[in-house]
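What follows draws every value from the coordinates through simple rules; no lab data is involved. None of the values given here were measured: they were computed from a predicted structure. In this analysis, Cβ positions are derived from the backbone assuming ideal geometry, glycine residues included, and neighbour counts consider all displayed protein chains.
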Amino acid sequence: MKKITLAILSLVFLSSTLFAQENTQEKVRQKGHYNSSKFKQLDEELPTPNKQHMASGAPGYEYTQQQVDYKMTIILDDENQKIFGEETITYHNNSKDALDYLWVQLDQNMRAPNSKTNDVSGGGPDALYTPAKFTKMFMGKPFQGGFNIDYIKDVNGNPLSYMINFTMMRVDLPKPLAAGEKFIFNIKWWYNINDYMADRGRSGYEPFPDGNNLYIIAQFFPRLAVYNNVKGWQNLQFWGRSEFALEFGNYDVSITTPKDHILNATGVIQNPKEVFTKEQNKRYESSKTSFDKPVFIVTPEEALEAEKSKNTATKTWKFYAENVRDFAFSSSRKFIWDAMAVDFNGKTVMAYSLYPKEGNPLWEEHSTRVIANTLKVYSESTFDYPYPHATSINAERQGMEYPMICWNGGRPDENGKYNDRTKKGMIGVITHEVGHNFFPMIVNSDEREWTWMDEGINSFVEILAEYKYDPELFPLSKYPKNIVGYMSGDQDQLSPIMTQGDNVFNFGSNAYAKPAAGLFMLRQTIMGPEMFDHAFKTYAKRWKFKHPTPADFFRTMEDASAMDLDWFWRGWFYTTGNNDIGIKEVKKYHVTDKPTEQAENLAKRYGITVDQLPPSLYLVSEDSKEYTDDLKGKKPEDYTVLNNYLQDNFSAEEKATLKAPKYFYELVFDKPGDLVMPIIVEFEYEDGSKERKQYPAEIWRLNDNEVTKVFPSSKVISKITIDPDEETADVDTSNNSWPKNTETQFDNFKKNQIKG
Amino acid sequence: MERFLLISKKEFMKYQKYVILLIIAPLLAFSVHKYYISLCEVEYVEEKKSVQIIISHFIDDLEITLNNEHKKDFFLATNKEAKNIQEIYEDYLHKHLKFTINQKPAQYQFIGKEYDDDLVRFYLEIPNVQKLNSIEIENTCLIKDFEDQQNIIKIKVKKFNKTFYLTKSNVKGLLKFQ
Ligand SMILES: [Zn+2]
């Protein structure tokens, strides 16, 4: 018995080969090709693993990272909007290489009169020019921004030779810096602070009608570029968009401001008693135990009092920050400051918000609570937030992140009124920027090169955090379909996610929304939350305080889940293709014990009679001439051939658990889209009940255009819908249902409009 | 006179506030994404002899523009929304979204609007188009107030798809069928 079955099985295989040959009509010589499978492994795209970045996606045993410590003395000149600094840099060469020079980033030079940022951006005339802008652009009075370097000296006071190339400065070392050695040097500098409300810049100051300024000061000091074995020196220029690649280190910073300013920064205040009033200091201390609600450190009344006059005396704030990749601060007379403590397994982290009265009542209601929520959700997805505080500063029209501190826009109107959209925008931007503490401030990818690694990954966790804060305002249901409009756009306007940030079209969609939608889909639909969360957490923990690359992310997600996702990375990250899966054809089959024509042909081909075929059941399509009405409603177990088999092989108990399908559907799925994706199918039966089946993406392995599946059912299917919840960013849903739905979104709306 | 002055001063201040708002093109300033786009989907449905149009705008952007144009606050998509908003919308669209079909200006009917999260969608229809030989779309929505505004037009005619990316320096898209 067994032997016959095997023989028949091999016949079946042979016969299908024969068919294929019969269909070949012309003898055109076909060309060979490389492996073009969508499931081909990424070995050619990803860099060869090494002992620093391993094949598993983890840092290797020879992984090294430079360290740079800064000691800085800063003076903020509010009167003239200038900033002065003296910094001592200690560069630790932890690599195995000897270095002849160091590259230092001078990001402020992007705002220098000779900046090349404007030269490289095209476009026609602006819609309007303010007088200030007009003079600046056309009348030879550009803003005098950019660093003024007073000196660069070694520890003994000897000048060092240096060369400035736009936003990068090479400092030549007197002798090569050997592996394991350190080099200490000093830079003195100053620059004019820009009005960011006028020049739309990242950081600067916001002038208020009351004569006060609100400073958000960042990328404000010469900072060391990253040196590693991936890029050597990361010295791509700062054009204004693609952000930063920086080394970790410790910061010891003192900042002198007007005496009536309130300030917070990266790190912890070392002299609270000197900078706060007695009352404020008391509140500063007691806020550390306020876990349930925000409390004031600087009250609205105190801020109102401070902004009324200008004190010309000064005070000095002292900060210390450990293991951070950057330093930023914000200062103003106008600041109200509230605080709340957040517990992480016994360790207290402070959530701080600083805002002018113009931010209220929105800010006192939400900012600090949003910070606490963000830290909690992100920590659950990664690791416990390791820094002592996270601060959100209200700076109009900003959204920018630095270690422990970020600037966020969003204010009510002049009557203190705001609508849901303003509130949503403000909660969204705070969640996003505070979230950046994890990506890229701690899981420290190279932002200059790969925007998606910080913006995309961060935007993904942001979705989860916002939903936790307010599920009504931030429903999950819009993901990933929010990306469909972008992905179905003209191919000339698309670039793969794996494109350096400055060369990307539609920056927001490409570097934020698309990777976030992709990861959301990976979590919800392709991997499932359990598998995804473990792998994602593994990536975050492996690369905490280190410099991961895209390969480290891709490899870790597979290494920790035992899921081959190369097809997903290839399609979603390396191409501009989109997903479109349709249902092309549905055929209903009934079961019979009478050999069909197909079976007869099979027997004939191998020279046996129909009787010599083993006892079998056959499926007959409703639209074939072999179909007769008496087959309708017949159950498979009505046929002796199956019944006998069941009697012989199963107990009564087992038989009771067997399913009894009556109908068999042949489903033909086609795929006009480039991407491979799981096929999610919803079957709706005559009785109104529904059932789902998800076929993994690997279903497209051997045929990239069309696949056929047989689906057994005990009930008649009345409707089939592909991807009913829009989980796979399918760009054309007009082919997603059977029977075909010809109604457009427009028709539906119009119909409802008339009804309503 | 006094009264008039008072009003106009208030109006002026409001206007000033918006002028500040509109000169920014925030791509550089934002690490969180904010991009200025609208999407206009145009489909010719042969069986119905009709051109169906759905145009989506960010409510925030449209609100700034309408407020500027009318020098008042419309409170879009809130319970304080102006009563005559339908009229305002229709008026704005007729000024800034124009269709030419088979080389003749074509009027569309305003079917309705819907708010969806931060978007507003307008449904417009040009009925009685027996045959579509050419279609030209001029879209100047929002470009006055947002320098970086990109108005995307997606046209679908039977199996044919075409996307135009219109900007302040290129406000028209033309498609011809032989
Ligand atoms: Zn961001």
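What the table below lists for this structure:
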| item | result |
| --- | --- |
| Within region B:37-176, percent of DSSP bridges classed antiparallel, to nearest 5 | 85 percent |
| Of A:478/A:751; A:141/A:357; A:537/A:659; B:49/B:168; A:116/A:357; A:82/A:417, those spanning more than 29 Å from alpha-carbon to alpha-carbon | A:141/A:357; A:537/A:659; B:49/B:168; A:116/A:357; A:82/A:417 |
| Gained length - residue A:190 relative to residue A:417, 0.36 nm times residue gap less alpha-carbon distance | 77.7 nm |
| Using a Förster distance of 45 Å, the FRET efficiency for residue B:133-residue A:473 (Cβ separation, nearest 0.05) | 0.45 |
| Antiparallel bridges, percent of DSSP beta bridges restricted to the protein assembly as shown (to nearest 5) | 85 percent |
| Around residue B:76: net Lys/Arg minus Asp/Glu count, Cβ-Cβ under 11 Å | -3 |
| Extension reserve of the residue A:51-residue A:98 stretch, reckoned as 0.36 nm per residue once the Cα distance is removed | 15.0 nm |
| For residue B:109, distant residues with modelled amide H under 5 Å away | B:125, B:126 |
| Where GluC sites (Glu not before Pro) fall in DSSP loop in region A:660-756, at most 14 other Cβ within 10 Å | A:686, A:743 |
| Chain A: relative contact order in percent, alpha carbon pairs under 8 Å with at least 6 residues between | 10 percent |
| Rounded FRET efficiency, nearest 0.05, which uses the C-beta distance separating residue A:701 from residue A:623 and R0 of 35 Å | 0.75 |
| Hydrodynamic radius of region B:37-176 per Kirkwood, over alpha carbon pairs, in Å | 15.5 Å |
| FRET efficiency for residue A:593 and residue A:725, using Cβ-Cβ distance with R0 set to 41 Å, rounded to 0.05 | 0.50 |
| Residue exposure sequence - A:337, A:452 - by fewest surrounding Cβ within 10 Å | A:337, A:452 |
| Computed helical MRE - 222 nm, chain A, DSSP H runs ≥ 4 contributing -39500 (n - 2.57), nearest 500 | -7000 deg cm²/dmol |
| Burial ordering of A:334, A:424, fewest other beta-carbon atoms within 10 Å first | A:424, A:334 |
| Whole-Å distance, taken between Cα centres, linking region A:194-260 and region B:102-178 | 42 Å |
| Proximal lysine pairs, region A:308-356, alpha carbons under 23 Å, eight or more residues apart or interchain | 5 |
| Loop-located GluC sites (Glu not before Pro) in region A:25-76, at most 10 other Cβ atoms within 10 Å (DSSP) | A:26 |
| Point-to-point label distance, residue A:254-residue A:574, nm (Cα→Cβ direction, 7 Å offset) | 5.5 nm |
| Fewest-first sequence of A:487, A:137 by Cβ atoms within 10 Å of each Cβ | A:137, A:487 |
